[in-house]
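One structure below.
The values are calculated or read from the model by the stated rules, or taken from the named source; none is laboratory data. These numbers were taken from a predicted model, which means no experiment stands behind them. We place every Cβ from the backbone using ideal geometry, glycine too, and count neighbours over all the protein chains shown. The protein model used for the area step is the full one, side chains on, heavy atoms only, and it has no ligands, DNA or RNA in it. Shrake-Rupley method; radii C 1.70, N 1.55, O 1.52, S 1.80 Å.
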Amino acid sequence: MHKPAGILVSGNKFKTIANALPQNIRPGQLPDATIPQPVHRLDYATTGILLAGKTDKCIRLLNKMFENKVVEKTYYAVTIGNMPARGKITTEIDGKASQSGYRVQQSVVSKRFGKLNLVELFPKTGRRHQLRKHLASIGNPVLGDKIYGAEGLVLHGKGLYLHAYSLEFTHPITQEKLFIKDELPERFNKIFG
């Protein structure tokens, strides 16, 4: 499913993806069907693909797959500044090992920001705010990042330019190879289109 920006995945607020799922997804038909629920997290400000499960067994197995890092995740971000064409960031987050790979897909000159890059990201771990922290740690914060962005280079009113693009994994029940994607938002295409 597509997660819009500005909505929590779960928590004790009324307006969350977890609370919206039962009204928007048909319940499962299997004997262990349960209330549909998300099986991973995306930041409040991040858009993109979010996986939900509809049976107890599937939710449990998908959670385990994310925990064991067998789900391949691809994100896209718009970053600020000059950066190498590709790389791996291994800066610890909250004292824990973390790793993100990246590849610059396209760059454009920007009057306000100097250079903007469309960057494909491959997180290997799943720390809180990992991609945002990693990109900021190498001097290339995500456009629109009010927490980790560079002073004076925060874009107001357009949101965070970080998008969960795709998930690739083997379905834990059917063993079918799945590739699920959520196309880039139009605001990305306006910069690089």
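Overview of values
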quantity: Residues Lys115 and Ile25, FRET efficiency given R0 of 35 Å [Cβ-Cβ distance, rounded to 0.05]; calculated: 0.30
quantity: Phi-based couplings in Hz for the range 32-41 (Karplus 6.51, -1.76, 1.60; Gly and Pro marked x); calculated: 9, 4, 9, 5, x, 8, x, 10, 8, 10
quantity: Filter on Lys13/Lys190; Lys124/Lys158; Lys124/Lys177 - keep pairs with C-alpha separation over 21 Å; calculated: Lys13/Lys190; Lys124/Lys158
quantity: Accessible carbon and sulfur surface of the chain relative to its total accessible area, %, 1.4 Å; calculated: 51 percent
quantity: Pair Asn82, Arg103: separation of 7 Å Cα→Cβ label points (nm); calculated: 2.4 nm
quantity: Å² of accessible area per residue within the chain, as computed with a 1.4 Å probe and no ligands counted; calculated: 56 Å²
quantity: Those aspartates and glutamates that a straight Cα-Cα span of less than 18 Å connects to Lys88, excepting residues fewer than 8 apart in one chain; calculated: Glu72, Glu120
quantity: Where only alpha carbons of the range 46-193 are counted, the Rg and the Dmax (Å); calculated: 16.2, 52
quantity: Scattering curve values for the range 1-122, log₁₀ I(q)/I(0), Debye with Cα scatterers, q = 0.09 Å⁻¹; calculated: -0.36
